[in-house]
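These notes concern the structure reproduced below.
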Amino acid sequence: MKIVEVRHPLIRHKLGLMRRAGISTKEFRELASEIASLLTYEATKDLETTEALIDGWAGPVEVQRIKGKKITIVPILRAGLGMLPGVLDMIPAAKVSVVGLQRDEETLRPIAYYEKLTGRMDERIALIVDPMLATAGTLVATVDMLKAAGCRRIKGLFLVAAPEGLAHVEATHPDVEIYTASIDQGLNQQGYILPGLGDAGDKIFGTK
Ligand code: PRP
Ligand code: URA
């Protein structure tokens, strides 16, 4: 299974800023989006391009274009919305397929409450975005939804991932590629990632 911890200095610096206690909603949101842009850059490195002949300022010129149907970004409500602007900055023409899942605080099992996918999922690369990959219950349920809709090429972008969650994805969907700014130590008793970021949704939306 492809798991990429993107160890770029800009990402490490920005993630370090995000880990500070008492960080403001504004700063957390900005950093989440900035790191999302950098992860997108890394996760799209292997996209295929095709040649096209266009009219340039000095005559015909051969250029490269990304091949195939437009990518679909899949933000997982609600915290995934915090990464969406940064991904769209890199891929402005992407289609957005929104899914809503919330982890039950007691059982840690995901509860799905929304699904609105774009068409032709079988022809698109899906980029799932969510700040946190903890037990991976949420990711596995999302991948199940996307595969049921015909999606065959799926990548996931996360700010922080726990080793337990990565093992769960490997056991269930080893074809999914994971890009993360950090593989952290592990989960606490409540299923929170340590050192992690705390509750990413609350920090992005300023709730609690
Ligand atoms: C968080 C996070 C992931 C999920 C990760 O969302 O944004 O979606 O938990 O946990 P898992 O890997 O153990 O499934 P949460 O359920 O808190 O919902 P929210 O985005 O609405 O805050
Ligand atoms: N969801 C979060 O927001 N943070 C975690 O550490 C785990 C799940």
Pairs of alpha-carbon atoms within less than 8 angstrom and 6+ residues apart define the contacts here; what relative contact order does segment 122-169 have, in percent? 58
Kirkwood-based Rg to Rh ratio, segment 68-188, C-alpha trace: 0.94
Computed from the mean reciprocal separation of all distinct C-alpha pairs, what Kirkwood hydrodynamic radius does segment 1-117 have, in Å? 17.0
What is the helix-to-structure angle for 163-172, meaning the angle in degrees between its Cα long axis and the longest Cα principal axis of the chain, kept from 0 to 90 and rounded to the nearest 10? 60
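For an R0 of 35 angstrom, estimate the FRET efficiency from the Cβ-Cβ distance between Asp144 and His8 and round to the nearest 0.05. If you can, show how the numbers build up before the last one.
Numbers: r = 31 Å, r/R0 = 0.89.
Here the calculated transfer efficiency is 0.65.
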Restricting to the chain, what percent of DSSP beta bridges are antiparallel, rounded to 5? 40
Add -39500 (n - 2.57) for each DSSP H run of 4 or more in the chain, then divide by its residues: what number comes out at 222 nm, to the nearest 500 deg cm²/dmol? -9000 deg cm²/dmol
What is segment 1-133's relative contact order, in percent, from Cα pairs under 8 angstrom and six or more apart in sequence? 22
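Summing Lys, Arg as +1 and Asp, Glu as -1, what charge do residues with Cβ under 13 Å from the Cβ of Pro75 carry, Pro75 excluded?
Net charge around Pro75: +1.
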Would you please give the residues with an amide H less than 5 Å from that of Gly156, counting only those at least 5 places away or on a separate chain, with H modeled from the backbone geometry? Ile128, Glu177, Ile178, Tyr179
Hey, rough spin-label estimate for Arg153 and Arg120, points 7 angstrom out along Cα→Cβ, what's it come to in nanometres? 1.3
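So which chymotrypsin sites (Phe, Trp or Tyr not before Pro) in segment 1-79 end up in coil per DSSP with only 10 or fewer other C-beta atoms within 10 Å?
Working: sites: Phe28, Tyr41, Trp57; in loops: Trp57.
Answer by residue number: Trp57.
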Residue order, fewest to most beta carbons within 10 Å, for Thr25, Thr142: Thr25, Thr142
Would you kindly derive the ³J(HN,Hα) couplings of segment 8-23 from the backbone phi angles with the Karplus curve 6.51 cos²θ - 1.76 cosθ + 1.60 (θ = phi - 60°), listing them in order in whole Hz, with x for Gly and Pro? 7, x, 5, 5, 4, 5, 5, 5, x, 5, 5, 7, 5, 5, x, 4
Which order do the peptides 169-181, 148-160 take when ranked by the mean count of other beta-carbon atoms within 10 Å per residue, highest first? 148-160, 169-181
To the nearest Å, what is the center-to-center distance of segment 1-78 and segment 142-199, using C-alpha atoms only? 18
Provide the FRET efficiency to the nearest 0.05 for the Met1-Asp55 pair, computing r from the beta carbons and using R0 = 41 Å. 0.40
Using alpha carbon coordinates only, what is the Rg to Rh ratio of segment 3-205, with Rh defined as the Kirkwood radius? 1.00
Using only Cα atoms, find the angle between the long axis of helix 137-148 and the longest principal axis of the chain, and express it within 0 to 90 degrees, rounded to the nearest 10. 40
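Values in this text are rule-based calculations from the coordinates and carry no lab data. Remember, it's a predicted structure, so these values are computed and weren't measured experimentally. Cβ: placed from backbone, ideal geometry, glycine included. Neighbour counts: every protein chain shown.
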